[in-house]
1. Setting aside same-chain residues fewer than 8 positions from Lys147, which aspartates and glutamates have a Cα under 17 Å from its Cα?
2. For the chain, take the longest principal axis of its alpha carbons; what is the angle in degrees between that and the long axis of helix 6-24, to the nearest 10 within 0 to 90?
3. Given the options Gly64, Gly216, Gly117, state which has the largest fluctuation in a GNM of the chain using a 10 Å cut-off (strictly under) for Cα springs.
4. Grab the Cα-Cα distance for His20 and Ala79, subtract it from 0.36 nm times how many residues apart they are, and report the gain in nm with one decimal.
5. Straight-line reach from Lys23: which aspartates and glutamates fall under 13 Å, measuring Cα to Cα and dropping same-chain residues less than 8 apart?
6. Please give the per residue volume of the convex hull enclosing the alpha carbon atoms of the range 6-238, rounded to a whole number of Å³.
7. With θ taken as phi - 60° and the coefficients 6.51, -1.76 and 1.60, list the Karplus ³J(HN,Hα) couplings across the range 102-113 in order, rounded to whole Hz; mark glycine and proline as x.
8. Considering amide H positions built from the backbone, and no H for Pro or chain starts, which residues 5 or more places from Phe159, or on another chain, come under 5 Å of its amide H?
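The values are calculated or read from the model by the stated rules, or taken from the named source; none is laboratory data. As the structure is a prediction and not an experimental result, all values here were calculated from the model. No Cβ is skipped: glycine too gets one built from the backbone with ideal geometry, and neighbour counts run over all protein chains shown. All accessible areas refer to the heavy atoms of the entire protein, side chains included, with ligands and DNA or RNA removed. Shrake-Rupley method; radii C 1.70, N 1.55, O 1.52, S 1.80 Å.
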Amino acid sequence: MAKKSRQVDNRIQSSEHVVHAAKTHAEQVAERLAARAISVQGVNTMATKEFFHVLLAFLTDTLGASAQSLDEAEHRVLAERSDDVGLREERDSVTADLLRAAVRVKSMVSDALGPEGIATYSLEGETPRAPRELVSHAESVSNLMIKKPFLVTVEGITFDSAAMAQTLATKASMLDKSLATMKREEQELADQLGLREQRVFAWIEDHQGIADTLVGLFRLAGRKDLAERVRPTSRALAGEEVTPPAEAPPTTTTPTNENPSGG
């Protein structure tokens, strides 16, 4: 089962932390900033408490939407990868089926015509195992059998090249279609990965811009401590950790049994 990217999940959690912090402290920050605006611009300032509430809501909504868009892009990648699992199983199944048929045909040609028949129908050496090479091999043998047919009975057993050619051609066609489907799915996955990468770049710009803005607003409101809690780090932007970094547990000093007096 396809799993969500840890880097993407960390980025989404970082945004959730920043949004939660902004919403939790919005009332206090808006009130402090409005009071500062009055002290600087006077009572007629347009930078009212309501203005800062609107600004903070815009920032949190924008960051939330950016994180959601990234999450949706990640889920589309997961959906494509989940589709690929069944297709790979189907490819492996029809590959094994064609391989068994090709090995049987080689054995039957040997029984019917001997070493000369093996050479005539290009069956020398080991039967290819790789899917694409196996398709090419089966098609080649099938075409040769159509061009040089045989119907031989050996010790009461009849060997019909037409039936063998039809079997190889049918199974080779099934594998060829499976490989074509896999190739198309690979392209679709590459497309979704590219779109997700675009969303990652957009999220980085959104998250850093909004988090930096909140840092400034919190500091202007006299809450440097809160500002440090939403400050984006390079590791958080890269998805290597969640903002803020987990705080290390306090170190404790292990008491000793030493006696200062030496007794």
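1. Glu116, Glu139, Asp160
2. On a 0 to 90 degree scale, this one is about 20.
3. Result for the chain, Cα springs under 10 Å: Gly117 fluctuates most.
4. Net length gain for the segment: 18.3 nm.
5. Within reach: Asp61.
6. Enclosed volume per residue, from the Cα hull, is 136 Å³.
7. 5, 5, 5, 4, 4, 5, 5, 5, 5, 5, 7, 10
8. Val152, Thr153, Val154
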